[in-house]
Amino acid sequence: MTKFFDKSLLRTVLFAVALVTLVIGVYQTVLLNDLPGNYWLFMISFGCVLGFKYLGREKEEVATKATPVAGRKPAPKPGPGKGPKKAR
């Protein structure tokens, strides 16, 4: 399937819209003292943040799948007296 748009550009636009609507919502709420009237601005901002986080999570999943397992350090061995107790 062909790629129609760049996801990093979409993440940038979502972040910008979220920030702008949040600032406008706060400004209008303080200026007019009307939170219920500006609720829709906060919901647009919240929706954009959710989309931003969702697209970032997909990017992280792809990055974790690409990392080799061989680069990880082995688990530390237990020191003396910290292992399972022996039956006597």
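Each reported figure results from applying straightforward, stated rules to the coordinates on display, with no laboratory input. This one's a predicted model, so the numbers in the text were calculated from it and none came from an experiment. When we count neighbours, we look across all protein chains shown, and the Cβ atoms used for this are built from the backbone with ideal geometry, even at glycine.
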Rounded, prolate or oblate: which fits region 7-66 when a ≥ b ≥ c are the square roots of the eigenvalues of the alpha-carbon gyration tensor, with rounded for a/c under 1.5 and prolate only if a/b beats b/c? prolate
Expected sort for THR12, THR21, THR29, THR64 with the fewest Cβ neighbours (10 Å cutoff) up front is THR64, THR12, THR29, THR21
Cut-off is 10 Å between beta-carbons; in what order do ARG57, ARG88 appear when sorted fewest neighbours first? ARG88, ARG57
